[in-house]
Amino acid sequence: MNSLQQQDIEQQARDWLVKLESSELSAEQEDLFIAWLGESDAHGIAFQQAEQTWQLMHEAKKSVTTETQGEKVISLAKQRGRLTAKERNTKSQSGNSIARLVMSLAATVLLSFMALFWGQEAWWTLTADHFTATGQTQQRTLPDGSVITLNTHSAIKLHFSENERLVELLSGEIYVDVYSDKTRPFVVEAGAMRVTALGTEFNVKKNAGNTPTVVVTEHKVKVENTQKNAAELVLQEGQQVKLETQYNRFSNVQNVDIQQTQGWLQKKLIFENELFGNVVNELRRYTKKQIIIRNSNIEQLRVTGVVQLDDPIAALRSLTEQLNLSFNTATPYVILIDKG
């Protein structure tokens, strides 16, 4: 087995582990996972190593975010009034604080190193409340009854309080069906974009270039730029706006085809006279394979059609055939597209 094959097996092991951690597998997925494990001893070894690394990451997280047992006892004693003021001051300045600081710093370094090795998905599992792996979509019911659907490679963190329901979109794309609660506004933050529901359903996307986009599918929303005072607008059903981060301003409001923008909810992408380069960028979100367009002129070709997301590579191959382009698998991880 060469190094590239080994790297591929290790990546497959990490992918399976992320899927297992992010949600329950379907019966079909379980069968595929078991079959993958049985294909080779190398698969089992790689998965075991991935699990060990995963456990280390979560142990490191506990060191950063949780109290020591001693601190918990002291905290409980304070609540019960069993410590004098002098004892409270003494305990708060004890050597435990220094030891915990050192442990936290070491754990933070370890987490950073592991996140760099494992990639962004692993980091999300330590910070996000809900997340999806590449190619996976997932629907979650929030504590307030609202329903959120996460698109591929997406992650969210919840900040719910008595006064507000805040969802932080760390990356990717979500569709929100808001449960009405007039006492607590429902807000989604994506970078500097803050979206407040004034109705029920909308879509928020935060791409790799950190350009947040919101599409309203039912009723309306208020959109704000948190980095620019008084920069806000109200979007109506069927409207879309982007926050152009580079210029710190909103784009022009556009009227869009809701069925087209929300096709991903039915595991398909719908394009009408779209640039081929943009289509490929969307498909890249659904696969770990590297897709390389070798001629920039190809990106300017126009595409109209429906792309099924169950097999993004097969969909890409079909598109290249329609455009008379060449489709070559250079390695198991790299696809080259060129003029035919």
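The values are calculated or read from the model by the stated rules, or taken from the named source; none is laboratory data. Since the structure is predicted, the reported quantities are computational estimates derived from the model, not experimental observations. Positions of Cβ are generated from backbone atoms using ideal geometry, with glycine treated the same way; all protein chains shown enter the neighbour counts.
A quick yes/no check of all residues on (1) more than 24 Å from residue 135 (Cα to Cα); (2) modelled with pLDDT of 70 or more; (3) among the hydroxyl-bearing types (Ser, Thr, Tyr):
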site	(1), (2), (3)
29	no, yes, no
32	no, yes, no
36	no, yes, no
45	yes, yes, no
51	no, yes, no
57	no, no, no
65	yes, no, yes
69	yes, no, no
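Would it be correct to say that residue 279 is surrounded by 17 or more Cβ atoms within 10 Å (Cβ to Cβ), β-branched (Val, Ile, Thr) and touching a helix residue (DSSP H, G or I) at 6+ places or on another chain (Cβ under 8 Å)? I'd like the intermediate steps shown before the answer.
Details: surrounded by 17 or more Cβ atoms within 10 Å (Cβ to Cβ): yes; β-branched (Val, Ile, Thr): yes; touching a helix residue (DSSP H, G or I) at 6+ places or on another chain (Cβ under 8 Å): yes.
Yes; evaluated as a whole, the condition is true for this residue.
Out of the residues in the stretch 193-249 that are surrounded by fewer than 20 Cβ atoms within 10 Å (Cβ to Cβ) and aliphatic (A, V, I, L, M), state the one that is nearest to residue 281 (Cα to Cα).
If we take residues in the stretch 193-249 being surrounded by fewer than 20 Cβ atoms within 10 Å (Cβ to Cβ) and aliphatic (A, V, I, L, M), then 208 is nearest to residue 281 (Cα to Cα).
Checking residue 306 against (1) of a type outside the set (D, E, K, R); (2) without any contact (Cβ under 8 Å) to a residue 40 or more places away in the chain; (3) surrounded by fewer than 18 Cβ atoms within 10 Å (Cβ to Cβ), only one condition comes out false. Which one?
Among (1) of a type outside the set (D, E, K, R); (2) without any contact (Cβ under 8 Å) to a residue 40 or more places away in the chain; (3) surrounded by fewer than 18 Cβ atoms within 10 Å (Cβ to Cβ), the lone unmet condition for residue 306 is (2).
Pairs please, first residue from the stretch 326-339 and free of Cβ contacts under 8 Å to residues at least 60 places away in the same chain, second anywhere and assigned to a loop (DSSP other than H, G, I, E, B), Cβ atoms under 8 Å, 6+ apart in sequence or on different chains.
As it stands, the answer is 326/340; 334/289; 335/289; 336/294; 337/294; 338/294; 338/295; 339/295, since those pairs meet every condition given.
Do the conditions hold for residue 179, that is, is it in a loop (DSSP other than H, G, I, E, B) and in contact with an Asp or Glu (Cβ under 6 Å, 6 or more places away or on another chain)?
Considered against the rule, which asks whether it is in a loop (DSSP other than H, G, I, E, B) and in contact with an Asp or Glu (Cβ under 6 Å, 6 or more places away or on another chain), residue 179 comes out as yes.
Note down all Cβ pairs under 6 Å where the first residue falls in the stretch 175-203 and is in contact (Cβ under 8 Å) with a residue 24 or more places away in the chain, the second is part of a loop (DSSP other than H, G, I, E, B) and among the charged types (D, E, K, R), and they're at least six residues apart or on different chains.
Hits for this filter: 179/144; 184/164.
Give the number of residues within the stretch 224-249 that are more than 17 Å from residue 187 (Cβ to Cβ), within 23 Å of the chain's Cα centre (by Cα) and assigned to a strand (DSSP E or B).
Selection size over the stretch 224-249: 3.
To keep it simple, each residue is scored yes or no on (1) within 30 Å of residue 295 (Cα to Cα); (2) free of Cβ contacts under 8 Å to residues at least 24 places away in the same chain.
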site	(1), (2)
233	no, yes
239	no, no
245	yes, no
257	no, yes
263	yes, no
267	yes, no
271	yes, no
